[in-house]
């Protein structure tokens, strides 16, 4: 991590203070013209960020009439760090060198003396130092900006690559769902329809009608999911039509088990809470149907001023459960959904041999 730079006003104040110290050490108060020029050069540094060239020009009189050159060097550094005009910087360095070599009002510039060339080289080096330093700072700043652009470009490229891979996976998944899962569910619906028409047993016909209805509903949801997967990163689309509280009675009636719904909820709850309640009841009834054949269930939903409580309790099963495939992600998903909304999910067996699942959510979860 690069060190944090001091605030610009603080840095300007430090430079002005250093310039005033330079004036105090090199300018005699008995010479008002030189003192005024030196003080003007010191306070001109306050303009160096907005008007760097003008600031440098304002500091030159102090260089011409006195030895207080710190303000001019600071202004020259600022100009070099902000401009890309190399010719201008060369001219400014030469002007500073000549101004420092000239001592007004009595200039002493004897080219016949060898010491003059030594002084000229020293002064030129003094002028070149802030120019090179300013150009170095400018190059470093440009390099940092370029590196930041490259980093953003790489991040964007990684995102594009990830989106491309995801699009291919979504397309492959959509193809498998269409070619395999949808085909098999269609066969289930057809065979259930045949059984519903051909059977003479009323209970069998009712079971076949339930299987056919659920198969058709599953096919509709599968088609919607396939269309979303084939979109591959297009505009946001809900994976399936999102349920609400008004769909709870139909869910309980079509659960395939004997279940009762007791609720005092209204439709005024936030949509995420309504979806969480629906999915919790759906998962609980599905588990009852899979793991507790012959059991009955009671769904109780209560809403006080701050909390929504959902309890699904089933009795003990009356016959052995059939072995069915399960990834055991249903209850985990319910707990994660509840935690995202600031709630909790608890579950476990009852003393009567049944099972109970409880959900508690803040009523204002969003």
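The values are calculated or read from the model by the stated rules, or taken from the named source; none is laboratory data. Just so it is clear, the model here is predicted, and its values are computed rather than measured. When we count neighbours, we look across all protein chains shown, and the Cβ atoms used for this are built from the backbone with ideal geometry, even at glycine.
All of (1) surrounded by 12 or more Cβ atoms within 10 Å (Cβ to Cβ); (2) assigned by TED's automatic domain parsing to the domain that holds residue 75; (3) farther than 30 Å from residue 71 by Cβ hold for residue 137 with one exception: (3).
Set side by side, the residues 255, 215 differ, and just one is within 22 Å of residue 288 (Cβ to Cβ) and either assigned by TED's automatic domain parsing to the domain that holds residue 297 or modelled with pLDDT of 85 or more (or both), which is 255.
Take residue 124 and tell me if it is over 37 Å from the mean Cα position of the chain (by Cα), at pLDDT below 85, closer than 30 Å to residue 83 by Cβ and part of a helix (DSSP H, G or I). So residue 124 fits the description; yes.
Evaluate the following for residue 199: is it more than 24 Å from residue 280 (Cβ to Cβ), touching a helix residue (DSSP H, G or I) at 6+ places or on another chain (Cβ under 9 Å) and modelled with pLDDT under 85? Taking the combined requirement at face value, the residue satisfies it. So is residue 116 in a helix (DSSP H, G or I), farther than 22 Å from residue 50 by Cβ and modelled with pLDDT under 80 or not? Considered against the rule, which asks whether it is in a helix (DSSP H, G or I), farther than 22 Å from residue 50 by Cβ and modelled with pLDDT under 80, residue 116 comes out as yes.
Report yes if residue 84 is modelled with pLDDT of 80 or more, in a helix (DSSP H, G or I) and in contact with a helix residue (DSSP H, G or I) (Cβ under 8 Å, 6 or more places away or on another chain), otherwise no. In short, no. Scan segment 245-291 for residues that are under 35 Å from the mean Cα position of the chain (by Cα), surrounded by 15 or more Cβ atoms within 10 Å (Cβ to Cβ) and part of a loop (DSSP other than H, G, I, E, B) and the total you get is 2.
The listed residues are 40, 71, and the only one of them that is in contact (Cβ under 8 Å) with a residue 12 or more places away in the chain and either in a loop (DSSP other than H, G, I, E, B) or crowded, with 23+ Cβ neighbours inside 10 Å (or both) turns out to be 71.
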